[in-house]
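Novice: My structure is below; once you've seen it, I'll send some questions.
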Amino acid sequence: MNATGQPITAAEQRRLFLQGLGGGASPSPLGRTLLWLIPLLLLAGLAFWLLLPSQETGEASYKTAEASRGRLIVTVSATGSLQPLNQVQVGSELSGTIAGVEVDYNDRVKQGDILARLDTTIQEARLGEARAALQSAQAKEMEAAATLNETRLNLKRCEELAPRGICAPSELDKTRATHERAKAGQSMAQAQAAQARAALNAQETNLYKAAIRAPISGIVLSRTVEPGQTVAASFQTPVLFTLAEDLARMELLVAVDEADIGQIRQDQSATFNVDAYPDRPFQARVAQIRHAPKTLEGVVTYETLLRVDNADLSLLPGMTATAEIQVKRIDDALLVPNAALRFTLPATIKQETSLVGALLPGPRFPKGQRSREKADGKGIWVLSGGEARPVAVKTGASDGTLTEIIEGDLQPGAAVILDVVQGKGKGAP
């Protein structure tokens, strides 16, 4: 406040300050000098602080790995499920009631063994009817044969008497027609007997099929029927049992992506794992590549069949497996990590003595080093003499982790750069 009680303005404060420096109403030479010197000192202090080396952003170092020679195995991954080499679903051609079931899960059976029996009351009755019909047809066949023999004798007698005028010509014609009708009657009787015999065979077959038998030798995987259950085979054969021929030999059906199917060849080796034995790899071999495509949610795959040896019976049908099919093997390849092919130095390098570099954040690299682009799109950076240099290379096969180098000025043991690691300054704790 001034003498009148009003607030002091900034101009009055400056005037009073200068008067205090000069001891009078107008600023002295010393005051005028301090007036310009103080801002300059503030700017110089700020610049000195900005140009000090940062203790938190020291020089950068490189994470490297050696290029080396070794074996490269390229694989294609696919998933699928295990199934028996030969699996048969056993049903019933007849309708009826299950009178008994002779086998259970995991039972071993031989070809022809009875698995279940149907109630045969109806089949036995029909079989009796068929036998009676056959007997009747056979009797008619015998009757037709006797009639034919009779007409044959009458015809012979009339033919002998006709020259002597004892058998009239009209009688002779009538005898001949009767004989022909007898021959036709015998043929009809024979056909009816054959038809009755076929009907009898059909009923005997139905009675035989009332006992459901194993079509192959193997093991019972599933049973979906119980005694007393009614089986209806009118429109579709019901599945009562599922048999696997030999679980010691199995097959793995995997779905291979359309991008990888061109690398799959018959007889290639493969390994796979199942959840039941996560630490145990199983061996397999490509047996068949099926050309029919499978499309699921826009993804096209092709079924590939792998043969599996399951001598110890540790693998079970239906297990989900992840297979790695070996499509290429290179025993002496120059290899670098895939991360080396992805690494690129930043487009701009900040200098530690630059005011802009001090103000802008980012990694700091050794003084004097400048960023350079790779020699081509598939180049790598090699650390030589403490500095990074680009090397143009041509790549080959890759297993997803390592890549083969087939051309380029790269020697085994060279330190290829994988990444930049930010370091600490000397004054950092």
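Computed from the coordinates by the stated procedures, all read-outs in this text should not be read as laboratory data. All figures in this text were calculated on a predicted structure; none of them were measured in a lab. As a convention, Cβ positions derive from the backbone with ideal geometry for all residues, glycine included, and neighbour counts pool all protein chains shown.
Novice: Give a quick list of GluC sites (Glu not before Pro) in region 205-314 that DSSP marks as loop, anything other than H, G, I, E or B, with at most 10 other Cβ atoms within 10 Å.
Specialist: 297
Novice: What would the Debye equation give as log₁₀ I(q)/I(0) for region 183-234 at q = 0.20, 0.21, 0.27 Å⁻¹, counting only Cα atoms as equal point scatterers?
Specialist: -0.89, -0.93, -1.10
Novice: Under 5 Å between amide H atoms, partner at least 5 residues away or on a different chain: which partners does residue 336 have, H built in plane at 1.01 Å?
Specialist: 403, 405
Novice: Round to the nearest 0.05 the FRET efficiency obtained for residue 266 and residue 124 when R0 = 60 Å and r is the Cβ-Cβ distance.
Specialist: On the way: r = 54 Å, r/R0 = 0.90.
Once rounded, the FRET efficiency stands at 0.65.
Novice: Here's another thing I want to ask about it. Convert each backbone phi in region 242-252 into a coupling constant with the Karplus relation 6.51 cos²θ - 1.76 cosθ + 1.60 (shift: θ = phi - 60°), then list the ³J(HN,Hα) values in order as whole Hz, x for Gly and Pro.
Specialist: Calculated HN-Hα couplings, in order: 10, 10, 10, 5, 8, 6, 6, 10, 10, 9, 10 Hz.
Novice: For residue 328, list long-range residues whose amide hydrogen, built 1.01 Å from N in the peptide plane, is under 5 Å from its own amide hydrogen.
Specialist: Distant-sequence amide H within range of residue 328: 74.
Novice: Round to the nearest 0.05 the FRET efficiency obtained for residue 63 and residue 313 when R0 = 45 Å and r is the Cβ-Cβ distance.
Specialist: The pair residue 63/residue 313 has a calculated efficiency of 0.40.
Novice: Using 1/(1 + (r/R0)^6) with R0 = 35 angstrom and r between the beta carbons of residue 170 and residue 145, what's the FRET efficiency to the nearest 0.05?
Specialist: 0.80
Novice: Continuing with this model, one more query. Please give the length that would be gained between residue 257 and residue 162 if that part of the chain were fully extended, namely 0.36 nm times their separation in residues minus their C-alpha to C-alpha distance (nm, one decimal). Provide the component values of the computation, followed by the final result.
Specialist: Working: separation 95, 0.36 × 95 = 34.20 nm, distance 9.40 nm.
Between residue 257 and residue 162, full extension yields an extra 24.8 nm.
Novice: Taking H placed 1.01 Å from N in the peptide plane, check which residues at least 5 places from residue 414 or on another chain put their amide H under 5 Å from its amide H.
Specialist: For residue 414, whose amide H was placed from the backbone, the distant partners under 5 Å are 67.
Novice: I'd like the projected area of region 125-280, averaged over all directions, using the convex hull of its alpha carbons. Report it in nm² with one decimal.
Specialist: Averaging across all directions leaves 21.7 nm² for the Cα convex hull.
Novice: Something else about it: Ordered by residue, what ³J(HN,Hα) values in Hz, to whole numbers, does region 180-196 give under the Karplus form 6.51 cos²θ - 1.76 cosθ + 1.60, where θ = phi - 60° and Gly and Pro are x?
Specialist: Couplings: 5, 4, 5, 5, 5, x, 5, 4, 5, 5, 5, 5, 5, 5, 5, 5, 5 Hz.
Novice: Once you put a point 7 Å from the Cα of residue 329 and another 7 Å from the Cα of residue 232, both along the Cβ direction, what distance in nm separates them?
Specialist: Result: 5.8 nm between the two label points.
Novice: Please give, to one decimal in nm, the separation of the simple spin-label points placed at residue 152 and residue 287, each 7 Å out from Cα toward the Cβ.
Specialist: For residue 152 paired with residue 287, the spin-label model returns 6.3 nm.
Novice: OK, next. At q = 0.16, 0.21 Å⁻¹, what log₁₀ I(q)/I(0) does a Debye calculation on the Cα points of region 197-305 give, no solvent, two decimals?
Specialist: The Cα Debye sum returns log10 ratios of -0.96, -1.19.
Novice: Still on this model: Cα gyration tensor of region 291-331, axes a ≥ b ≥ c as square roots of the eigenvalues: rounded (a/c below 1.5), prolate (a/b > b/c) or oblate?
Specialist: oblate
Novice: Further, regarding this structure: Shape verdict for region 152-226, please, from the Cα gyration tensor: rounded (a/c under 1.5), prolate (a/b greater than b/c) or oblate.
Specialist: Prolate is the answer for region 152-226, as a/c is 1.5 or above and a/b outweighs b/c.
Novice: Here's something else I'd like to know. So how far apart, in nm, are the two label points at residue 216 and residue 239 if each is 7 Å from Cα heading toward Cβ?
Specialist: Spacing of the two 7 Å Cα→Cβ label points: 1.4 nm.
Novice: Taking region 259-334, which trypsin sites (Lys or Arg not before Pro) meet the DSSP loop condition and have no more than 16 other C-beta atoms within 10 Å? Each step should come with its number before you reach the end.
Specialist: Details: sites: 265, 285, 290, 294, 307, 328, 329; in loops: 265.
Here the sparse-neighbourhood loop sites are 265.
Novice: Taking θ = phi - 60°, what integer Hz values does the Karplus form 6.51 cos²θ - 1.76 cosθ + 1.60 yield along region 140-147, in sequence order, with x for Gly and Pro?
Specialist: So the Karplus estimates, Gly and Pro as x, are 5, 5, 5, 5, 5, 5, 5, 4 Hz.
Novice: Sticking with this structure for a sec: If I stretch the segment between residue 342 and residue 276 completely, what's the gain in nm (0.36 nm per residue apart, minus their alpha carbon distance), one decimal?
Specialist: 20.0 nm
Novice: Students often get this wrong: which residues of region 309-339 have the backbone nitrogen under 11 Å from the point 7 angstrom along Cα-to-C-beta of residue 73?
Specialist: Only 324-330 pass the distance filter.
Novice: Select from region 226-303 those chymotrypsin sites (Phe, Trp or Tyr not before Pro) which occupy a DSSP coil region and have at most 15 other Cβ atoms within 10 Å, ordered by residue number.
Specialist: Filter output for region 226-303: 235.
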